Amino acid sequence: MSLSEHDLHSEDIHPIDIVEYLAEHHSWEFDRIADDQIAMAVEGQWRTYSITLAWSGYDETLRLVCSFEMEPPAERLPEIYETLNRVNDLCWAGAFTYWGQQQLMVYRYGLVLAGGQVAGPEQIDRLITTAVMSAERFYPAFQLVAWSGETPEEAMQVAIAEAYGRA
């Protein structure tokens, strides 16, 4: 059954309720932290990603944060930041940042729904899927820079081409 076959297109449904439905639909572990926030774990090829979505009624934005732990050696941080710049040049939706105190690599995106707009389940599902796909695509480059001593330019070669289709 497709996502659109469910009655999730009502203007009365809260965006986090849709996210909770999607988490159940995909069998993702999740925790409804509050009425306007949910955290979940999504398994990728490289690792399990922590994803949090929060609704802000103040600015009518659905915020997504997708993170994974990363503890690069301090002497490699300049190269990590250069890699982040190169990665973000390739990201049209969302951006990566490194939260050094928490030792987290973070992909974040804000879906603005101003004027009473409503996000549908397909749109929110795509938002989550894009976050995981971006993390999966660039994870190897971050690791190569942090641990293999490769330059950002060399490491980006593993992420340059996006794969399309299915094997």
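The values are calculated or read from the model by the stated rules, or taken from the named source; none is laboratory data. These numbers were taken from a predicted model, which means no experiment stands behind them. For neighbour counting, all protein chains shown are included, and Cβ atoms are generated from backbone atoms with ideal geometry for every residue, glycine included. Please note that ligands, DNA and RNA were not included when accessible areas were found on the heavy atoms of the full protein model with its side chains. Shrake-Rupley method; radii C 1.70, N 1.55, O 1.52, S 1.80 Å.
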Output for region 42-71, where each listed residue is in contact with a Gly (Cβ under 9 Å, 6 or more places away or on another chain) and assigned to a loop (DSSP other than H, G, I, E, B)
Asp59, Glu60
Boolean, Glu122 is under 19 Å from the mean Cα position of the chain (by Cα), acidic (Asp, Glu) and assigned to a helix (DSSP H, G or I)
yes
Any residue that is farther than 24 Å from Ile38 by Cβ, open to solvent by less than 20 Å² (accessible area, probe 1.4 Å) and of a type in the set (Phe, Trp, Tyr) - is there at least one of those in region 93-110?
no
Has region 98-113 got any residue that is within 21 Å of Trp46 (Cα to Cα), within 11 Å of the chain's Cα centre (by Cα) and of a type in the set (Lys, Arg)?
yes
Could you list all residues from region 61-75 that are closer than 22 Å to Ala155 by Cβ and either among the polar types (S, T, N, Q) or surrounded by fewer than 17 Cβ atoms within 10 Å (Cβ to Cβ) (or both)?
Ser67, Glu69, Glu71, Pro73, Ala74, Glu75
I'd like to check something: does region 157-166 contain any residue that is among the charged types (D, E, K, R) and either surrounded by fewer than 18 Cβ atoms within 10 Å (Cβ to Cβ) or touching a residue at least 40 places away in the same chain (Cβ under 8 Å) (or both)?
yes
Selection from region 25-60 of residues of a type in the set (S, T, N, Q), under 22 Å from Glu122 (Cβ atoms) and buried (at least 16 other Cβ atoms within 10 Å of the Cβ) yields Gln37, Thr52
With the requirement that a residue be of a type in the set (Ser, Thr, Tyr) and touching a helix residue (DSSP H, G or I) at 6+ places or on another chain (Cβ under 6 Å), what does region 55-92 give you?
Thr83
Subset of region 78-105 [polar (S, T, N, Q), more than 13 Å from Ala146 (Cα to Cα) and touching a Phe, Trp or Tyr at 6+ places or on another chain (Cβ under 7 Å)]
Asn88
